[in-house]
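*Asks:* One structure, as structure tokens, below. Some questions next.
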Protein chains: 2
Amino acid sequence: MLTNHKLDDDTELTSENLAEYLPQLHSASAIEISDLIMSRPHAEGLLIFNAISEEKAVVVFEYLHFKSQMEILYSLSQPRVAKLLNALSPDDRTTLLEGLSSDLSSQLIQTLSPQEREISTRLLSYPKDSVGRLMTTDYIAVKLDWSIQKVLDYIREKGHDSETVNVIYAIDDKGLLIDDFRIRQLLISPLQIKLEEISDHKFIALKVLESQEDAIRIFRKYDRTALPVVDSKNTLLGIVTFDDIMAVSTEEDTDDIQKIGGVEALRYPYMEISFPALIQKRAGWLVLLFCVQLLTATAMSYFEDEISKAVVLVLFLPLIISSGGNAGSQASSLIVRALALGEISWEDWWRISKRELLSGLVLGSLLGLIGFIRVVAWSMFSNIYGPHWLLVALTISFSVLSVVLLGTLSGALMPLVLRRFKFDPATASAPLVATCVDVTGIVIYFNVAMWFLQGVLL
Amino acid sequence: MLTNHKLDDDTELTSENLAEYLPQLHSASAIEISDLIMSRPHAEGLLIFNAISEEKAVVVFEYLHFKSQMEILYSLSQPRVAKLLNALSPDDRTTLLEGLSSDLSSQLIQTLSPQEREISTRLLSYPKDSVGRLMTTDYIAVKLDWSIQKVLDYIREKGHDSETVNVIYAIDDKGLLIDDFRIRQLLISPLQIKLEEISDHKFIALKVLESQEDAIRIFRKYDRTALPVVDSKNTLLGIVTFDDIMAVSTEEDTDDIQKIGGVEALRYPYMEISFPALIQKRAGWLVLLFCVQLLTATAMSYFEDEISKAVVLVLFLPLIISSGGNAGSQASSLIVRALALGEISWEDWWRISKRELLSGLVLGSLLGLIGFIRVVAWSMFSNIYGPHWLLVALTISFSVLSVVLLGTLSGALMPLVLRRFKFDPATASAPLVATCVDVTGIVIYFNVAMWFLQGVLL
């Protein structure tokens with residue numbers, strides 16, 4: 001760490017005093033330097049970036065956030081940009097390029113060497129959010145008839161350029177994947193034996209067109225630091241490493257949490273996103289929800305008569321509709337997460353419906369009972385709910401039961417239906433479920449009230 | 001995979017027909033067998049478990065979920081249990097033991113060999129949710145004055161028992177950590193040189209008492225497959241591998257999502273948790289929220305006079321209080337996630353408050369404007385809102401603005417305050433924020449109404 005070093009203090013860095021910092025920059029790790037660049041104003045960050053060796057600059061660049069990467073690319077000379085881009089790992093280059101406008105992206109691809117250009121064009125040709133977009137082509141592939149010694153010699157020669165040497169892949173003459181070996185297997189086996197002898201001809205591979213969400217599940221299950229990626233014929237195309245999967249997994253969870261809260265996925269850290277962008281990500285849903293909520297005013301206006309006759313009903317309105325919303329939030333967040341983890345799928349809709357129907361009944365009865373007790377108890381000591389307090393109590397408790405049941409079922413089914421039609425289940429956010437239940441809850445409540453109180457209060 | 005094999009079909013497995021399946025079990029991987037055991041009734045799972053070699057059984061057992069692990073432990077003979085437990089990786093054993101009652105846990109610890117017992121007792125002595133609980137003591141530690149050749153020879157001898165050989169640790173004579181080496185560094189360096197010559201004397205380490213949440217952040221940042229764990233003196237105590245971190249990270253995100261939805265963390269897959277447990281995890285919060293919501297009825301009763309005088313006010317009540325809830329859900333989910341990712345901390349509360357105050361003003365004004373337009377527009381074509389429609393419109397829009405502002409601020413500040421007092425920020429769930437805003441929203445709305453409509457409608 002750079003603590004107690006001058007680079008960590010607040011002194012402005014200029015081209016004049018840069019020389020003083022060079023020894024520190026020389027001994028700092030790539031991550032430390034990338035942190036420094038991101039914490040400093042752009043001009044100072046650029047000074048630092050230009051002061052380090054080109055080889056180190058590549059690694060530092062890979063650790064930078066997209067925003068800082070862009071700032072640096074815009075400030076470098078064309079030849080320097082070309083050199084940097086050519087040296088990037090193919091997977092990091094894909095992440096950078098897919099964040100750009102297609103114009104800028106193709107402009108940058110033109111600066112690549114024919115070989116690197118071919119790789120990047122191919123990786124970018126895979127669909128967004130597919131495994132192909134996470135892949136790197138820097139891996140170690142060997143043949144089954146090689147001895148362990150030969151494999152180790154080969155690693156010594158090529159290992160530096162490979163994304164990982166933790167797993168080695170065996171391919172046949174046509175490039176088809178035959179087996180994968182953890183480095184441990186090689187290091188604890190006699191040097192003279194051939195790979196064939198320790199091969200089980202079994203491997204776990206990702207399909208290049210598979211979704212990144214599925215890839216995350218496979219990584220979680222198999223505890224591998226890297227997995228090979230193949231096409232439909234089993235040709236080895238590249239590898240995906242756990243660090244990229246961890247990053248995507250965190251990002252997907254962030255997206256889900258934000259969507260469940262009723263915000264569009266920010267895709268930037270909260271403190272880094274610009275204020276207009278932050279408002280834009282929130283306003284869309286908030287306005288939509290508000291417009292749906294306006295229907296509550298319409299629904300209420302149909303019951304204006306009832307309201308003026310029995311004001312007591314209105315007292316419990318917020319309680320009843322919110323209970324449905326809360327029950328719905330619970331169900332939708334449980335189902336959204338279970339879908340994301342692959343614990344359930346659309347095919348389970350019937351089993352889930354039964355479970356949630358029962359949950360809704362139990363939870364709704366519980367809340368209905370509490371509501372009943374509350375009205376009865378208050379009526380013992382005051383006349384607040386009038387002479388027909390028992391009917392009021394029944395109206396409340398039966399409405400709560402119905403609305404909680406409705407909330408639970410819609411909260412559980414909305415994400416499933418969204419998934420069924422290939423939308424993101426997390427779109428069934430807590431606020432969306434609550435809003436839909438509010439509108440129908442009002443209609444339910446007043447209908448229940450009319451049923452119980454017709455001819456008495458109404 | 002076992003497709004097209006008999007083990008995958010629905011035939012019941014009995015001790016009579018078990019022999020037919022043995023060749024398949026022999027060739028199946030540990031993960032495949034663990035999947036099989038978990039998908040079959042307990043008795044069949046146990047038959048399978050007993051049919052595989054003891055060595056394989058250990059690996060299979062480590063892949064099983066807690067529930068299946070328990071079922072198997074209860075069915076095995078005491079000596080078999082002891083053998084199995086002694087062979088488990090220390091970190092997997094900790095996970096198993098910490099899930100048990102303390103009685104059962106100490107009973108099982110007694111079956112361990114003195115050496116393994118010492119390890120397990122020590123690991124369990126670290127606080128829950130600390131790095132110590134994730135640690136394994138199976139790692140490879142070497143000395144800096146060893147040649148690469150000597151290190152590789154050592155790996156050949158000890159590598160089989162180590163959790164990973166992807167990273168090798170250098171310690172001094174006192175056991176203090178001096179450096180870490182990725183296996184790649186060793187494999188691409190000349191065999192005769194000493195570790196010293198490729199050492200940079202720098203490493204990233206986790207502190208044993210550090211929280212698992214912090215450990216996740218460090219793993220995310222440094223892209224390591226394993227990190228060493230040290231005490232305050234830098235003594236190397238163990239290592240944590242990325243797969244355990246990925247599991248904890250997924251579990252924490254699941255907890256957060258469920259809490260944000262207003263459910264207690266399930267800690268079991270949705271389909272596996274028993275129905276009573278599922279209800280219990282939901283009922284607690286739902287009842288609490290319902291009881292807080294009961295305050296809305298109390299709040300409303302204070303305004304009974306106003307309600308009977310101006311029924312028109314009631315029409316917009318659900319709209320207004322829900323807008324606050326929605327804005328609050330957005331703010332709380334953004335802040336809860338940013339806290340979990342370490343993007344912000346309690347110290348940023350002032351910057352966050354300013355940002356959310358401004359967000360609340362902008363979003364509230366936007367919704368207030370839509371509400372205003374809606375009332376004015378409807379009034380053009382009907383007399384639904386009476387002669388004082390302009391005052392009603394002003395009441396609505398000003399109330400929406402205030403309630404959205406309130407919702408945004410409380411949604412943002414509740415998680416921060418919870419974190420400040422060492423509670424889980426995710427407890428500030430969407431339903432909790434919405435419920436709190438409902439109660440205060442009602443008070444705000446009727447006060448705004450009295451201010452605008454006193455002497456006119458009220």
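*Asks:* Could you list, in sequence order, all residues of the range A:68-82 that are polar (S, T, N, Q) and closer than 18 Å to A:Arg40 by Cα? Before you say what the answer is, go through the steps one by one.
*Replies:* The first filter runs over the range A:68-82 and keeps only residues polar (S, T, N, Q), leaving A:68-69, A:75, A:77-78.
Result: A:Ser68, A:Gln69, A:Ser75.
*Asks:* Scan the range B:288-308 and report the pairs whose first residue is free of Cβ contacts under 8 Å to residues at least 12 places away in the same chain and whose second residue is among the hydroxyl-bearing types (Ser, Thr, Tyr) and in a helix (DSSP H, G or I), with Cβ atoms within less than 6 Å and a gap of 6+ or a chain change.
*Replies:* Filtered contacts from the range B:288-308: B:Phe290/A:Ser323.
Residues checked against (1) surrounded by fewer than 24 Cβ atoms within 10 Å (Cβ to Cβ); (2) within 30 Å of B:Glu213 (Cα to Cα):
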| residue | (1), (2) |
| --- | --- |
| B:Leu363 | no, no |
| B:Ile384 | yes, no |
| B:Leu394 | yes, no |
| B:Phe398 | yes, no |
| B:Val403 | no, no |
| B:Gly407 | no, yes |
| B:Thr427 | yes, yes |
| B:Tyr445 | no, no |
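*Asks:* Condition first: modelled with pLDDT under 90 and not β-branched (Val, Ile, Thr). Now tell me which residues in the range A:304-329 satisfy that.
*Replies:* A:Glu304, A:Asp305, A:Glu306, A:Ser308, A:Lys309, A:Ala310, A:Leu313 - these are the residues of the range A:304-329 that are modelled with pLDDT under 90 and not β-branched (Val, Ile, Thr).
*Asks:* Looking at the range A:267-278, which of its residues are at the interface with another protein chain (Cβ under 9 Å from one of its Cβ atoms) and surrounded by fewer than 18 Cβ atoms within 10 Å (Cβ to Cβ)? Working first, answer last.
*Replies:* To start, the set of residues in the range A:267-278 that are at the interface with another protein chain (Cβ under 9 Å from one of its Cβ atoms) comprises A:269-272, A:275, A:278.
Selection gives A:Pro269, A:Met271, A:Glu272, A:Phe275.
*Asks:* What is the one condition in (1) farther than 15 Å from A:Arg282 by Cβ; (2) away from chain A (no Cβ under 12 Å) that B:Val375 does not satisfy?
*Replies:* (2)
*Asks:* In the range A:157-179, which residue that is of a type outside the set (Ser, Thr, Tyr), within 12 Å of chain B (Cβ to nearest Cβ) and surrounded by 16 or more Cβ atoms within 10 Å (Cβ to Cβ) is nearest to the chain's Cα centre (by Cα)?
*Replies:* Result: A:Glu163.
*Asks:* Now for a different question. Of everything in the range A:7-39, what is in contact (Cβ under 8 Å) with a residue 24 or more places away in the chain, surrounded by fewer than 17 Cβ atoms within 10 Å (Cβ to Cβ) and not in a helix (DSSP H, G or I)? Give them in sequence order.
*Replies:* Selection gives A:Glu12, A:Thr14, A:Ser15.
*Asks:* Sort out for me the helices (runs of 4 or more DSSP H) sitting completely within the range B:180-258 that have 3 or more residues that are within 11 Å of another protein chain (Cβ to nearest Cβ) and surrounded by 15 or more Cβ atoms within 10 Å (Cβ to Cβ). First the steps, then the outcome.
*Replies:* Values: elements: B:183-187, B:195-198, B:212-222.
Where helices (runs of 4 or more DSSP H) fall fully within the range B:180-258 and carry at least 3 residues being within 11 Å of another protein chain (Cβ to nearest Cβ) and surrounded by 15 or more Cβ atoms within 10 Å (Cβ to Cβ), they are B:183-187, B:212-222.
*Asks:* Considering the range B:390-406 alone, what residues qualify as being closer than 12 Å to B:Leu315 by Cβ and either of a type in the set (S, T, N, Q) or without any contact (Cβ under 8 Å) to a residue 60 or more places away in the chain (or both)? Explain how you work it out, then say what you get.
*Replies:* Step one: of the range B:390-406, the residues closer than 12 Å to B:Leu315 by Cβ are B:392, B:395-396.
B:Thr395 - this is the single residue of the range B:390-406 that is closer than 12 Å to B:Leu315 by Cβ and either of a type in the set (S, T, N, Q) or without any contact (Cβ under 8 Å) to a residue 60 or more places away in the chain (or both).
*Asks:* Exactly one condition in (1) of a type outside the set (Gly, Ala, Ser); (2) more than 17 Å from B:Gly324 (Cα to Cα); (3) buried (at least 17 other Cβ atoms within 10 Å of the Cβ) is not met by A:Asp305; state its number.
*Replies:* (3)
*Asks:* In the range B:416-435, how many residues are in a helix (DSSP H, G or I) and within 11 Å of chain A (Cβ to nearest Cβ)? Give the derivation first.
*Replies:* Filtering the range B:416-435 down to residues in a helix (DSSP H, G or I) leaves B:416-420, B:425-427, B:430-435.
When the remaining residues are screened for being within 11 Å of chain A (Cβ to nearest Cβ), the result is B:426, B:430-435.
Adding up the residues that qualify gives 7.
The values are calculated or read from the model by the stated rules, or taken from the named source; none is laboratory data. Note that the coordinates shown come from a computational prediction; the quantities given were computed from them, not determined experimentally. Every residue, glycine among them, receives a Cβ derived from its backbone with ideal geometry; neighbour counts consider all protein chains shown.
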